Amino acid sequence: MPKKILIFVVLSTFGLMGLLSQRVESSTKRILLLPLAVYSPQPQAYLRNGLMSMLGSRLSVEGLQIVSLSKDYQAKFSKKEKAGVFGKDRAKELGEALRANYVVFGSVTIVGKGYSLDLSLLDLTKNPPKLTHISRATTEDQFIPILAEIANEFRSIVEGRYPPAKTFARGPKAASSTGSGSGPFRPLGETGGYGSWDQGLFRPTAQGYHQLGASGRYNLRLSVMSIDAYDLTNNGHPEILILSRNELRIYSKEGASLRLLDVIKARRGEDLLKISIGDVDSNGTPEIYVAGFYRGQVYTTVYDWKKKPIKRFEKSGHLFVSGKRGSKTYLLYQDSSQWNLFKGPVYFMRYNSDGHLVKATKLPRLTHLKFYTLVPYDINKDGAPELIGLGEGNTLHIWDLSGETLFQDDESIGGTNNAIDLAQVTGQEELPRVPFNSRLVLADVNGDGKADLIAPKNLALVGVFEHFKYYDSGYVLAYKIEGTKLEKNWTSPKHRYCVTDVQMFGNTLFVALQKLQLKNYAKGYSHLVWFNLGKK
């Protein structure tokens, strides 16, 4: 019998046993089980019902009562709620309406033979209500024991006992970042398996190009949101700033390794999004710009570097340093408001003589611009920058300062798992999932003394998720800038992680790679890999 069928049979059996064993006597503790969201290419209804039956049977013991939702009550749910998508506030509202002491909600994701369980227990007996998240990734044969373990942990919390020691089933083996393939490099247009990034990055379509071997690699037990590199200590070597959802880590690059210098934690309830660095005020020391999602909108916290980060001010909206390293850089700004994360026009910003941040130039409206991909660069050397970035359809565009489109590619690139799902946060199904793409960077890839454009392209899982995309692998692409056109000349092998961010320091290209993370609240896996592009 196939494993998936066996899982569903066992789930149904547990559900029947639970129904036969439920006690009719009154209980002082009531638990509301909300429909679970199921992300799977298979039919979802019977899997959802089986999951809820098993959870109900494991939670339904003496002293605990499972609260059921009537069909009439469920008929009033929105489309997303019927699919099991609930935010904390909506779970609280439903729990209070049905006089429940606790509410269980969450999701299960199935990709191939891998399973990810993300379940939450909301304790309404606390003021304010306390939310406990439990996430597990597992395989088919361990799926039912792990689900039972989560139910047992929830029951321990409800009964006031300390949860039992956690035993983590070994999840799907992480795919290697190297593969057999046909060597570490691939020309454009060639398809195939994964190549080794440790041995090199690009292969060109033209002659006279040298190979790009990996200079270093650092493994991280977190999901990287963004990176930057800058010589903060003026010793000629870069410090590497690595941003995850909940902290900023500052590393000193020492040879082929990194040494941790400092950590800045996000405030409670904040999701960190983007990091950028630059000496915008031209005082000889850089500012560090950290954008984060907090209380429904985006704020940027600005730090001065004085042997350590010192907070300077905070501003509503996005502040981001972009442009060619070693040449002119620009500070970009776009506002943000409650549940409208990118609002209004984009501006070039500057600091006035008093050290206050002011708007310098209002940019034209660029349709469907992905803000963090915008790179101002004076292509034709007339003193006014052209604007390179991802626009409609995640395709590369070049605009002039009047907003005229000078170039538009036909290939969709970019893509990211780093996003804020406003519908999940708020329970308002009409709100979007807002992605935060990797930056694009300028670098001399082939040693001809001219700037080329480096951009990631991530590959989405197809036919699995109804409402949004998850990306599980990616490439790094490089484009030659020919006049006001971009010509794709180089590509990396496909990597088994997706590309989260890229940045240049001198002749070194840093690439952050992130393993597909289906769990919302567990630590992730990432790599930082760097390549010496050679002496220019």
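Quick note: the coordinates plus some simple rules give every number you see, no bench work behind them. Nothing here was measured: the structure is a model prediction, and the numbers come from that model. Reconstructed Cβ throughout: ideal geometry from the backbone, glycine too, with neighbour counts over all protein chains shown.
Annotation: the residues K494, K485, sorted from fewest to most other C-beta atoms within 10 Å of their own C-beta, follow the order K485, K494. Dipole magnitude for segment 29-159: about 400 debye, using +1 per Lys or Arg Cβ and -1 per Asp or Glu Cβ, origin at the Cα centre. Rounded, prolate or oblate: which fits segment 29-159 when a ≥ b ≥ c are the square roots of the eigenvalues of the alpha-carbon gyration tensor, with rounded for a/c under 1.5 and prolate only if a/b beats b/c? It is oblate, given that a/c is not under 1.5 and a/b is not larger than b/c. For segment 271-310, a crude dipole built from +1 on the beta carbon of Lys and Arg and -1 on the beta carbon of Asp and Glu, taken about the Cα centre, is about 180 debye to the nearest 20.
When segment 216-532 is described by a simple charge dipole with +1 on each Lys and Arg Cβ and -1 on each Asp and Glu Cβ, the residue from L273, L390, I454 located farthest towards its positive end is L273.
Loop-located GluC sites (Glu not before Pro) across segment 380-480 with a Cβ neighbour count of 12 or fewer within 10 Å are E404, E430, E466, with loop assigned by DSSP.
Given +1 at the Cβ of Lys and Arg, -1 at the Cβ of Asp and Glu and no other charges, the dipole of segment 216-532 around its Cα centre is 1060 debye to the nearest 20.
Among the listed pairs K80/K362; K253/K324; K274/K515; K92/K515; K311/K469, a Cα-Cα separation exceeding 27 Å is found for K80/K362; K92/K515; K311/K469.
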